[in-house]
Structures are given as structure tokens and as C-alpha cells.
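Accompanying notes for the structure given below.
The values are calculated or read from the model by the stated rules, or taken from the named source; none is laboratory data. What you see is a predicted model; the values in this text were computed from it and never measured. Here Cβ is always computed from backbone atoms with ideal geometry, including for glycine, and neighbour counts include all displayed protein chains. Side chains included, ligands, DNA and RNA excluded: accessible areas come from the protein's heavy atoms. Shrake-Rupley method; radii C 1.70, N 1.55, O 1.52, S 1.80 Å.
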Amino acid sequence: MDWWRRLKKNPLARFGAILLLIFYIGVIAADFVAPYDPYASQPNGSLLPPTKIHWVSQSGQFIGPYVYPTTQGNTNLDTGDRQIIVDSTKPSPLRLFVTGPEYRLLQMSLPLPPKWDEVTIFGGIPLNWHLFGTTTGAKVNILGTDDQGRDQFSRLLHGGRISMFIGIFGIIITYPLGLLIGGISGYFGGVTDSVIMRLAEVLMTFPSIYLLVTLGAVLPAGLSSTQRFLLIVVITSVISWAGLARVIRGQVLSLKEREFVQAARAMGANPIYIILRHVLPQTASYVVISATLAIPSFIGAEAILSLIGLGIQQPDPSWGNMLSLASNASILVLQPWLIWPPAVLIILTVLAFNLLGDGLRDALDPRSLRR
């Protein structure tokens, strides 16, 4: 396949694909990669900076990676300086594949309203192995802890499940609707085309931010933050098909006069069959590129919704609500490790999707393929 070879030769697209692969593997295997429970607080561990990893003993001998137990001390009320207590008498070695909090690998559950019980699709495999950790009671917080003493690295991995998959979830709803409605509008034309396009124009005039605020206000109060956010994504995805439908409609208008469509029509094929089997597959290259470039918008929307209180709320982690701490100027100055990791991950994820989308656009360009 020429387009695949062209895509593999694009270094930026390859970099974006590798980066996304690493991120998705990390968040899918978050229970194993993360050393701690993202909801568990550490005793006297509030707002600890990233744990310093040592490689040599105090006598200068190389002994491998280890950390010292670190806890929170008193805070100077006049200056705001916090005392960090490091117990250098109890070095704790870092090891790979250590035992820790138990979790269930590959557990899949369906979140339902509070008055119903959660449906467990697959109970998972009980495990307590983690990728890395200490062999004693000392904690290794490679990205520090938050104000509740929870490990920031573990929360980033678990929060990435929402941030990384919400875009895929959104396009799974939006794109089939946009493809089908746009295909029907362009193929049938006439009154059908006029009605659908006027409806699309009405939907496109809705200011998205006001719509999201309204949805957040009218949803039932008993829903969890995850349920509220997923419901908002479903509703907004259902009504955001208009832009895609307009583009697909334009492509179908030119495709329906092609010889293979005319031949299928002359043989008496059903119009819906012609649309699904012969017309819409011709728009696949545009759809793939558009979907790849649309996912970052869902990731950004999650961050914005969490910032204004409509997305995932504490104690549930997501990159958006972890980044919402940036509204506090004192945290930016005194605890920057709470802000930079989610910000960098969001930037890198959006950049990776855009690089991959640009690479797909170049690889699937018909003019490039002909050359």
C-alpha cells in the first residue's frame, strides 16, 4: 500500500504515532504501571515535591537507585515555607515488579445512575504486582503528591483513561451520524437536502460553551462526575454532526454522478445500500484524517469542562481537573509539580494527534498517490 509506505517515511507522523502508542499503553495498564492507588492518601504526605532518587551511598559507593522516607513538616505561617522531613537513616531500594495495592486487571464495569447497581461486564484478574516501587514502607512519588497526599503520577495515569479515550468515544457517536445524514442529504437532494442543511445550520449557530453550561445545570444532581461528563459528551456528540455532514454532503454531490453509482442505480440497488456501500467509502480518507484531527478538540473540551466545574470532579482524577489547579497563583509558584505534568501531557497528546493527522493527510492525498 503506497499510502502506508508514505506514512511510515514521515518522521513527524511516526513520532506522533509512537507517542500515542506509549500514552495509550500507559493509561490502559495504569493499575500495573502506577505504584499506588490514585485515591489513597499518604500519612503526612500532603504537597510533597517529587521524590529525589539517589544512586550512590553517603560514602560515595554506587548501590543502585534508592529513596529516603519523606514526610511533611510544619509550615511557616509568616513566609508560607513548608518543612520537608527526609529520614536519611532509612534508605529504601527501588525495584521493578514489586507487590503493592491489589487491583483487578482488565476489569470492565458499566457506570449506571446511583439508584441502580454498577454492572460489572468482566470481573478482571486480581493482581498486586506493580511496575516499580520500594521494597520497604517508604514512598516514591516521582511527580510529588497533591494537597490530599495522593501520588500525582498514579493519578495522572488513571486520569489519562478519561482524557485519552473521551475523544474516541466522541467520534464514535458523532462521525456515523454525520456520515449517514450528510450522505442522505447529498444523495437525495431536493427538499430532503434543504431540510437537513437548514437543521445543520441551526445546530451550528449554538454557542458550544453556553450549551455545555446549560447541560451542566439541568442534569440530575445524583449523578457521579464520570456519569455527568459522559452524558454531556453523548448529548454534545449527537448534536455536533452538522459540520461533518455539510462536508460529506458536498462530496456526495460530486460522487453520485460517477459511473459506478449510476451503474448500481440502474441495476435497481436500494438508495441506502448505494450510499453505504458505494458512496460513503469514497470519503474514507477525509473521514480518517478529520477524525484524527478532531480527537484533540475533545481532549481540550474535557480540560475546559473540568476547569469550569462541569467535567470530572475530585476525587476522580483526569488531566483536566488536575490542570484546574493552575487557577491558583500560589500553586503555580510554590507547587509547580502539580501543574506542569498534566499540562505537558495534554500538549504532547494534542501535538501527537495533529502530527499523525497531518501525516495521514499527506499520505492519503490522491495527488501524492498519483505522483
If the requirement is being within 24 Å of the chain's Cα centre (by Cα) and closer than 20 Å to F206 by Cβ, which of these qualifies: A245, A294? A294
Please verify whether A291 is under 30 Å from G189 (Cβ atoms) and open to solvent by less than 20 Å² (accessible area, probe 1.4 Å), treating the condition exactly as stated. yes
Condition check for R265: at pLDDT 85 or above, buried (at least 19 other Cβ atoms within 10 Å of the Cβ) and of a type in the set (K, R): no
Considering only residues that are aliphatic (A, V, I, L, M) and in contact with a Pro (Cβ under 9 Å, 6 or more places away or on another chain), which ones fall in the stretch 260-306? A303
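To keep it simple, each residue is scored yes or no on (1) farther than 26 Å from A291 by Cα; (2) modelled with pLDDT under 80.
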{"position": "V119", "(1), (2)": "yes, yes"}
{"position": "F122", "(1), (2)": "yes, yes"}
{"position": "L131", "(1), (2)": "yes, no"}
{"position": "T135", "(1), (2)": "yes, no"}
{"position": "F153", "(1), (2)": "yes, no"}
{"position": "H158", "(1), (2)": "no, no"}
{"position": "T174", "(1), (2)": "no, no"}
Quick check on the stretch 216-239. Is at least one of its residues open to solvent by 50 Å² or more (accessible area, probe 1.4 Å), out of contact with any Lys or Arg (no Cβ under 8 Å at 6 or more places or on another chain) and on the phi > 0 side of the Ramachandran plot? no
Exactly one of Y210, Y187 is closer than 30 Å to L276 by Cα and hydroxyl-bearing (S, T, Y), and that residue is Y187
Could you look through the stretch 46-74, keep only residues that are of a type in the set (S, T, N, Q), part of a loop (DSSP other than H, G, I, E, B) and modelled with pLDDT under 85, and pick out the one that is least open to solvent (accessible area, probe 1.4 Å)? S57
Within the stretch 315-353, restricting attention to residues that are of a type in the set (S, T, N, Q), in contact (Cβ under 8 Å) with a residue 60 or more places away in the chain and outside any helix (DSSP H, G or I), which residue is farthest from N10 (Cα to Cα)? Q335
Enumerate the pairs (first residue in the stretch 226-249 and of a type outside the set (V, I, T); second residue anywhere and open to solvent by 50 Å² or more (accessible area, probe 1.4 Å) and outside any helix (DSSP H, G or I)) with beta-carbon separation below 7 Å, excluding pairs fewer than 6 apart on the same chain, so at least 6 apart or on different chains. Q227/P111
Quick test of your reading of the structure: P43 fulfils all but one of (1) surrounded by fewer than 12 Cβ atoms within 10 Å (Cβ to Cβ); (2) in a helix (DSSP H, G or I); (3) not charged (D, E, K, R). Name the failing condition by number. (2)
